[in-house]
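First the structure, in the form of structure tokens, and then the observations on it.
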Amino acid sequence: MSTFKAPKGTYDLIPPFSAQYLAVREAISAPLRKAGYGYVETPGFEDVELFARGVGESTDIVTKEMFTLTTKGGANLALRPEGTASVLRAALEANLHKAGGLPVKLWYSGSYYRYERPQKGRYRHFSQVGAEAIGAEDPALDAELIILADQAYRSLGLRNFRILLNSLGDKECRPVYREALQGFLRGLDLDEETLRRAEINPLRVLDDKRPDVQKQLVDAPLLRDHLCEACKAYHEEVRSLITAAGVAFEDDLKLVRGLDYYTRTTFEFVHDGLGSQSAVGGGGRYDGLSEMIGGPALPSVGWALGVDRTVLALEAEGVELDIPPVTEVYAVPLGDEAKRVLFGIVTQLRTADIAADFSYGGKGMKAAMKGANRSGARLALIAGDRDLADGVVQLKDMESGEQTAVALEGLVETVRAKLA
Ligand code: AMP
């Protein structure tokens with residue numbers, strides 16, 4: 001115990017648990033990498049205005065949850081609360097949209113920060129893996145992303161998740177709906193803050209989780225009934241492509257999500273074993289975002305899946321990821337000369353791409369073999385002065401317990417053959 005603790009709303013990833021995290025990140029990104037998405041990494045902080053304009057002035061993320069700071073030079077920065085605005089900013093800055101064909105397909109993985117009230121599944125520092133397909137308006141692209149997320153979750157062994165799907169319309173039909181909804185909301189018995197929200201961003205009120213608000217929203221006009229022909233056709237195509245891929249989803253006519261930039265396709269992945277923080281991932285189309293941050297018109301679609309909640313979902317389903325031990329060979333020297341020789345051999349093994357570890361600290365046989373067991377290695381190499389004098393080391397099969405003397409000469413190849 002030190003004087004310090006991890007800050008409120010954060011936690012550390014520590015072995016062996018941390019291996020689950022790496023495996024989840026790997027599993028979520030694998031389908032993306034095989035589908036033509038290239039890796040992008042952006043800074044952990046950005047100009048605060050990027051998020052204010054991109055994510056939306058009226059969202060909780062911007063009004064309440066950003067970690068902001070002013071640098072000594074006077075710049076106003078925010079720790080990134082989400083990935084999309086940064087990735088689009090980076091793509092525009094690098095002119096990726098002019099470099100070759102569209103869409104520009106990118107994936108990312110990293111830490112995000114929101115000043116939230118911490119609870120299980122909701123942290124101030126969390127991890128996401130995300131994907132963005134920038135610069136193309138094509139229902140097949142929306143479908144691709146939903147299918148890839150579904151594949152990612154399934155490859156991990158998750159089954160009890162559901163995909164909620166909706167369309168938020170576009171700049172033709174959404175304003176008409178917005179007005180209709182606003183008219184409806186003005187007639188309700190709502191608190192002042194919610195009424196204010198109804199004026200700035202009425203769709204967000206649909207997302208209000210309070211039961212007394214939800215009760216009043218039962219008869220709210222639905223966007224579905226206001227979609228223009230183009231949006232309707234687009235949404236139908238997305239639905240039929242996902243269906244043809246065998247991916248089940250539910251139409252959720254009230255799904256809006258907490259970010260302002262979404263248009264048309266909007267979706268969320270929810271897991272039923274997670275209680276109130278049930279969203280494991282979400283995304284959608286954001287055709288207007290590029291222009292909102294000063295770029296050209298670039299219709300785009302993307303998602304972000306939460307790594308923390310995906311790990312919780314795995315726990316909730318009782319799924320144990322099959323994470324094989326990394327160490328294959330564990331070296332146990334008995335004496336100083338053996339230490340020098342085996343240390344050299346461990347380096348040779350690693351150079352030959354065989355994962356090897358070593359008993360440090362001059363331990364005796366018993367304690368050293370405990371270390372060998374804990375490492376999960378399949379083979380142990382044990383040597384004392386007498387072995388070295390004979391030009392051999394003892395090679396122990398950790399599973400069967402069988403031990404044989406093998407020549408030092410050509411040891412790396414002998415070990416490789418044993419492991420094969
Ligand atoms: P959002 O950008 O809010 O749609 O978040 C996308 C995903 O990131 C969510 O579905 C969660 O899995 C995850 N996420 C968002 N905020 C948090 C948080 N405070 N703590 C943990 N995970 C989060």
Next item on the list: Could you check segment 315-420 for strands (runs of 3 or more DSSP E) lying wholly inside it with 2 or more residues that are buried (at least 16 other Cβ atoms within 10 Å of the Cβ)?
Entry: 329-333, 356-358, 379-383, 392-397
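Do you know which residues across segment 250-273 are in a loop (DSSP other than H, G, I, E, B) and open to solvent by 30 Å² or more (accessible area, probe 1.4 Å)?
Taking segment 250-273 as the starting set, the residues that turn out to be in a loop (DSSP other than H, G, I, E, B) are 252-262, 272-273.
If the condition is that a residue be in a loop (DSSP other than H, G, I, E, B) and open to solvent by 30 Å² or more (accessible area, probe 1.4 Å), then Asp252, Leu253, Lys254, Arg257, Asp260, Asp272, Gly273 are the ones that fit.
Could you please let me know if Ala75 is more than 12 Å from the ligand (Cβ to nearest atom) and surrounded by 12 or more Cβ atoms within 10 Å (Cβ to Cβ)? Break it down stepwise before answering.
Values: more than 12 Å from the ligand (Cβ to nearest atom): yes; surrounded by 12 or more Cβ atoms within 10 Å (Cβ to Cβ): no.
No, not satisfied.
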Notebook entry, point to check: Restricting the first residue to segment 1-17 and requiring it to be in contact (Cβ under 8 Å) with a residue 60 or more places away in the chain, which pairs with a second residue that is open to solvent by 70 Å² or more (accessible area, probe 1.4 Å) meet a Cβ separation below 7 Å and a spacing of at least six or different chains?
Noted result: none
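The values are calculated or read from the model by the stated rules, or taken from the named source; none is laboratory data. Here the structure is a predicted model, which means the values were calculated and not measured. Neighbour counts run over all protein chains shown; Cβ positions are idealised from the backbone, glycine included. Protein only, heavy atoms only, side chains kept; ligands, DNA and RNA dropped before computing areas. Shrake-Rupley method; radii C 1.70, N 1.55, O 1.52, S 1.80 Å.
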